[in-house]
Amino acid sequence: MTDPAVERDAAEAASAFSHPPVASDATASYGEHPDQIVDFYAPRRAGPAGPRNSAPLVVLLHGGAWRAPYDRQHITPFADFLARQGFAVANVEYRRGSSLPHQDAQGPVAGRWPETFDDVAAALDALPDLAADCLPEAAPRRMVLTGHSAGGHLALWAAARHVLPYDAPPGWRLPAPPPLRGVVALAPIADFTVAEELGVCGGASAQLLGGTSGFAARRPYADPAALLPTGIATALVQGRSDIVVPEAVSEAYVAAAALAGETVGLTLLDGVGHFPLIDPAADACAVVSEEISQLAW
């Protein structure tokens, strides 16, 4: 007998991935590697604050368990959806894991250490100048980070670079908080310890850190739950029916933030799984847009 939860997840994934990719309005490089690029989407209408040249800049980090087969193309319909809500959007690509199966992984290995993090740090540092050149409608002073699943992890990490350990790899740590209005993380892999206990994405978070041998030593530099408090306004959106990144992972991050003296918002959506959060055809997308709006405007 088929598990109803698995059937629901498959149907939600099919809907989310049924939309054709949406071409960007401009693309720019933030490095020499082919994956070090950003696609820009201009706002399709004026936002509530007035003219198009004051549109908040939403920086979007895609998911896919940091694995190579899943690039930014699958999230371009969501980028276009946000642009139609009046946001300027920067869809960031970054280096991911190998495309080949790994002996210790169920499928392609997740992520590259330290390249995945190198890229996110470099992209965020370059974005104000890139946006000024490619997307004059954007107002980087109204920047909000968002990301889905593994991208949600990267968004939380990018907002916490100023609290990284002082011996973090070069280019990662910032001397002051990044100039953000906030972060909206969508079903993020936000607590690596809980994610590993639950076997999220086939142990992807341990793979990202180089395997079980490197997990304990590298976790303080990579796990958002270990990088608190940030002082950055943060909201999580999570489906209660998510079987890919279960609700318990987000709840663990919120609890860790509370222990650190910080309040993190958590919006739980009944009857929603992993993929409706980035599916323009799903009602959950409107909730995500509203969460971003509350921080951006």
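Quick check on segment 213-228. Is at least one of its residues farther than 25 Å from Val109 by Cα and open to solvent by 30 Å² or more (accessible area, probe 1.4 Å)? Scanning segment 213-228, I find at least one residue that is farther than 25 Å from Val109 by Cα and open to solvent by 30 Å² or more (accessible area, probe 1.4 Å), so the answer is yes.
Conditions (1) more than 20 Å from Ala11 (Cβ to Cβ); (2) β-branched (Val, Ile, Thr); (3) over 18 Å from the mean Cα position of the chain (by Cα), marked per residue:
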position	(1), (2), (3)
Leu228	yes, no, no
Val264	yes, yes, no
Leu268	yes, no, no
Ala281	no, no, yes
Ser289	yes, no, no
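Ala79 - would you say it is among the hydrophobic types (A, V, I, L, M, F, W, C), open to solvent by 20 Å² or more (accessible area, probe 1.4 Å) and either closer than 22 Å to Leu156 by Cβ or modelled with pLDDT under 95 (or both)? When the stated conditions are applied, Ala79 does not pass them. Please work out which residue is surrounded by the fewest Cβ atoms within 10 Å (Cβ to Cβ), limiting yourself to segment 164-180 and to residues that are without any contact (Cβ under 8 Å) to a residue 24 or more places away in the chain and hydrophobic (A, V, I, L, M, F, W, C). Top of the filtered list is Ala176. Filtering segment 209-217 for residues that are without any contact (Cβ under 8 Å) to a residue 40 or more places away in the chain, assigned to a loop (DSSP other than H, G, I, E, B), of a type in the set (S, T, N, Q) and over 17 Å from Leu154 (Cα atoms) leaves an empty set. Here Ala190, Ala110 are screened, and the one residue that is assigned to a loop (DSSP other than H, G, I, E, B), open to solvent by less than 10 Å² (accessible area, probe 1.4 Å) and under 13 Å from Trp66 (Cβ atoms) is Ala110. Among residues of segment 243-261 being assigned to a loop (DSSP other than H, G, I, E, B) and open to solvent by 50 Å² or more (accessible area, probe 1.4 Å), the one that is farthest from Ala10 (Cα to Cα) is Gly261.
For segment 126-163, name all the residues that are in a helix (DSSP H, G or I) and either open to solvent by 10 Å² or more (accessible area, probe 1.4 Å) or at pLDDT below 95 (or both).
Passing the criteria: Ala126, Pro128, Asp129, Leu130, Ala132, Asp133, Cys134, His162, Val163.
For the subset of segment 232-242 comprising residues that are in contact (Cβ under 8 Å) with a residue 60 or more places away in the chain and open to solvent by 20 Å² or more (accessible area, probe 1.4 Å), which member is farthest from the chain's Cα centre (by Cα)? Among residues in segment 232-242 that are in contact (Cβ under 8 Å) with a residue 60 or more places away in the chain and open to solvent by 20 Å² or more (accessible area, probe 1.4 Å), the one farthest from the chain's Cα centre (by Cα) is Ser241. Picking from residues in segment 41-67 that are over 15 Å from the mean Cα position of the chain (by Cα) and open to solvent by less than 20 Å² (accessible area, probe 1.4 Å), the one that is modelled with the lowest pLDDT is Gly47. Does Arg84 qualify as being surrounded by fewer than 20 Cβ atoms within 10 Å (Cβ to Cβ), over 14 Å from Ala131 (Cα atoms) and modelled with pLDDT under 95? No: the conditions fail for Arg84. If you go through segment 262-278 and keep only what is surrounded by fewer than 22 Cβ atoms within 10 Å (Cβ to Cβ) and more than 16 Å from Pro224 (Cβ to Cβ), you end up with Thr267, Leu268, Leu269, Asp270, Gly271.
The values are calculated or read from the model by the stated rules, or taken from the named source; none is laboratory data. Predicted model, so just to flag it, every value in this text is computed and none were measured. Every residue, glycine among them, receives a Cβ derived from its backbone with ideal geometry; neighbour counts consider all protein chains shown. The protein model used for the area step is the full one, side chains on, heavy atoms only, and it has no ligands, DNA or RNA in it. Shrake-Rupley method; radii C 1.70, N 1.55, O 1.52, S 1.80 Å.
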